[in-house]
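The values are calculated or read from the model by the stated rules, or taken from the named source; none is laboratory data. Treat the numbers as computed from the prediction; the structure is a model and nothing was measured. Every residue, glycine as well, gets a Cβ built from its backbone with ideal geometry; the counts of neighbours run over all protein chains shown. These area figures cover heavy atoms from the full protein model, side chains too; ligands, DNA and RNA do not enter into them. Shrake-Rupley method; radii C 1.70, N 1.55, O 1.52, S 1.80 Å.
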Amino acid sequence: MNIMNVDYDGLIPNNVNLNGDPRVKAALEKWHPGYLDWWKDMGPDGFQESLVYLRTAVSVDPKGWAKFDYVKMPDYKWGILLAPQGEERKIPFGAHAGEKAWQEVPGEYRAMLRRLIVIQGDTEPASVEQQRFLGKTAPSLYDMRNLFQVNVEEGRHLWAMVYLLQKYFGADGREEAEALLQRRSGDLDTPRMLGAFNEETPDWLSFFMFTFFTDRDGKMQLEALAQSGFDPLSRTTRFMLTEEAHHMFVGETGVGRTIERTCQEMQKAGIEDPYDINAVRKLGVIDLPTIQKKANLHFSLTLDLFGNEISTNAANAFHAGIKGRYREDKLDDDHKLEASTYPVTRFKDGRIVTEEVPALSALNMRLRDDYVADCQGGVSRWNKVIEKYNIGFQLKLPHVAFHRHIGEFSSIKTDVDGKVVDDSAWEKKKDEVLPSSGDKDYIESLMSPQFEPGKFASWIVPPKVGIDNKPGDFEYVKIA
Ligand code: BYC
């Protein structure tokens, strides 16, 4: 079988020759019904019978791997797709740098690898659970289709991690694969593993912010895992990254289209002051200060996903050759980091300071810095939209110490500029920097569905181009 093309004949589409691996094939076939039950219970609520114009991967060739067609989501071809195996790939970093990449799990790193794969796997179904009610309030069929595309691909990413667990981790892997279907986002007894994946995604602005900020953590973590010396993990995550790009597109353009509608309506009504919230809200759009508060919330929750700034787990994973830095292969240094340092922002003696620490222990911080720079690019593009309308307002990322629950700043409160404040000052000001219950109610009041082809809710402009170049009035979802 050609690795570029996907075998669609069996129950589980794949380019890993599952037919030649009866043990793993049987394990996956056994897992499949439980997955479908989970999807029907926890996947998009109310649209399982609708026909959705979805993209399915039919090849892992970077050019032209997608096929678009109407599919009922439970019939989506969730498959196991790995990027092609590079000839003689070498471990790019850590103590084993330069040795041949592992095709089997190295015994000494088994527990570490399993933990990373399980954490990665756990986030995928979590996001589907968080987003399951959004279809009902979709601002258009175009947006509804994008939501479902993101959802089926997160489902596929779960398959990707489950394949690794079942192929390389025997009975333990099968147990972990089952547990991935048992935990539930936000459940008090069996929550998902990482904080941000237990939060609610109650409205579409939250969804766009989530796909902009939190899917971007996905990108960074997948990039770091794509460098792994464990070749099957590297190949799986490389292909996942091609799908992830669309999720961030949905987020960036979703927020951008929301901002554009607000600015358009403000201009039409002659409102110059972006802080005249009551006047802006009368126009049926989301005022810019509330968009800023949503960004503050999602950015800070996502920063927690990078773990502690100083982490021995991260140092060990790098030293072992299991999890690298962002684009490790493009970096020009010794790839071992045993003698270098890295500046880390810390909370010390009541102050936020920057301190050089051994680079190996600062890898979470470094990945987070790369993430912040990547976010800044998108925020600057949003600001260009506001500038176009000559409105005196700029969105900005809050300080990394703002509203944190993990790491150096979890024990303090700061304002958005990183100035430490006491509890009472925080309580007084928090509704000015994070969405208040009034803001949530207002946004919710705008979330009325718009299911007519080519029509959009009041608060968001249509996209510049359709998916797969379809015309504006294309029926992306045929609602059953
Ligand atoms: N919540 O040494 P530390 C995505 C725990 S998103 C709860 O700093 P490490 C997606 C930590 O587990 C990407 N607990 O940890 C996006 C550890 O506990 P144990 C998902 C947390 O390992 C949108 C202890 O604190 N992928 O794909 O350096 C839609 C000590 O911490 C948290 C990955 O994250 C937290 N936020 O860093 C769909 C990649 N943070 O084990 C999908 C895999 C830390 O001592 N994961 N803890 O009991 C990793 O690389 C790392 O495990 C982490 C944590 C970056 C998560």
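Give me the percent of accessible area attributable to carbon and sulfur for the stretch 147-277, probe 1.4 angstrom. Provide the component values of the computation, followed by the final result.
Values: 1790 of 3800 Å².
Ligands and nucleic acids excluded, carbon and sulfur give 47 percent.
I need the phi-derived Karplus couplings for the stretch 46-51: 6.51 cos²θ - 1.76 cosθ + 1.60, θ = phi - 60°, integer Hz, Gly and Pro marked x.
So the Karplus estimates, Gly and Pro as x, are x, 10, 5, 9, 6, 8 Hz.
Which cross-chain or sequence-distant (5 or more) residues have an amide H under 5 Å from the amide H of residue 344, H modelled 1.01 Å from N in plane?
355, 356, 357
For every helix of n ≥ 4 consecutive DSSP H residues, a contribution of -39,500 (n - 2.57) applies; sum these over the chain, divide by its total residues, and give [θ] at 222 nm rounded to the nearest 500 deg cm²/dmol.
Estimated from H runs of four or more residues: -15000 deg cm²/dmol.
Counting other Cβ atoms within 10 Å, keep those with at most 11, restrict to DSSP loop, and tell me which trypsin sites (Lys or Arg not before Pro) in the stretch 303-369 are left.
none
Give me the accessible area per residue for the chain, probe 1.4 Å, as a whole number in Å².
42
Please identify the DSSP H helices in the chain that span no less than 24 Å along the helix axis (Cα) and have a mean Kyte-Doolittle hydropathy of -1.0 or more.
Values: long enough: 22-42 (29 Å, -0.96); 110-130 (30 Å, -0.19); 141-168 (40 Å, -0.21); 231-269 (57 Å, -0.67); 363-388 (38 Å, -0.72).
Those that pass (Cα extent of 24 Å or more, hydropathy at least -1.0) are 22-42, 110-130, 141-168, 231-269, 363-388.
Give the residues of the stretch 88-103 whose amide nitrogen is closer than 16 Å to a point set 7 Å from the Cα of residue 338 in the direction of its Cβ.
Of the residues in the stretch 88-103, 93-99 have backbone N under 16 Å from the label point off residue 338.
How much of the accessible area of the stretch 52-107, probe 1.4 Å, is carbon plus sulfur, in whole percent?
Here it works out to 49 percent.
Please give the FRET efficiency for residue 48 paired with residue 11, using the beta carbon to beta carbon distance and R0 = 25 Å, rounded to the nearest 0.05.
Computed FRET efficiency for residue 48 and residue 11: 0.85.
Order the peptides 49-58, 380-389, 257-266 from the highest to the lowest mean number of other Cβ atoms within 10 Å of their residues. The partial results should precede the final answer.
Working: 49-58: 19.9, 380-389: 15.1, 257-266: 22.3.
Ranking the peptides 49-58, 380-389, 257-266 by packing returns 257-266, 49-58, 380-389.
Could you report the accessible area of residue 193 in Å², rounded to 10, computed with a 1.4 Å probe on the protein chains as they sit in the structure?
90
Using 0.36 nm per residue of separation minus the Cα-Cα distance, give me the extension gain between residue 470 and residue 313 in nm, one decimal.
51.8 nm
Return the loop-located GluC sites (Glu not before Pro) in the stretch 53-111 (DSSP other than H, G, I, E, B) with at most 13 other Cβ atoms within 10 Å of their own Cβ; answer none if there are none.
Loop-located and lightly packed - 87, 88, 99, 104.
To the nearest 0.05, how large is the calculated FRET efficiency for residue 373 and residue 479 if R₀ is 56 Å and r is the Cβ-Cβ distance?
Numbers: r = 41 Å, r/R0 = 0.73.
Between residue 373 and residue 479 the formula returns 0.85.
Lysines within cross-link reach of residue 470: Cα-Cα under 30 Å, excluding same-chain residues under 8 positions apart?
40, 63, 67, 72, 77, 136, 219, 268, 384, 388, 455, 478
Looking at the square roots a ≥ b ≥ c of the eigenvalues of the Cα gyration tensor of the chain, which shape do they give, rounded for a/c under 1.5, prolate if a/b is larger than b/c, or oblate?
Oblate, since a/c reaches 1.5 and b/c is not below a/b.
Could you point to the residue in 233, 433, 479 farthest towards the positive end of the chain's charge dipole, with +1 and -1 charges on the Cβ of Lys/Arg and Asp/Glu respectively?
Value computed over the given set: 479.
Return the loop-located trypsin sites (Lys or Arg not before Pro) in the stretch 418-455 (DSSP other than H, G, I, E, B) with at most 16 other Cβ atoms within 10 Å of their own Cβ; answer none if there are none.
Listed in order of number, the matching sites are 419, 455.
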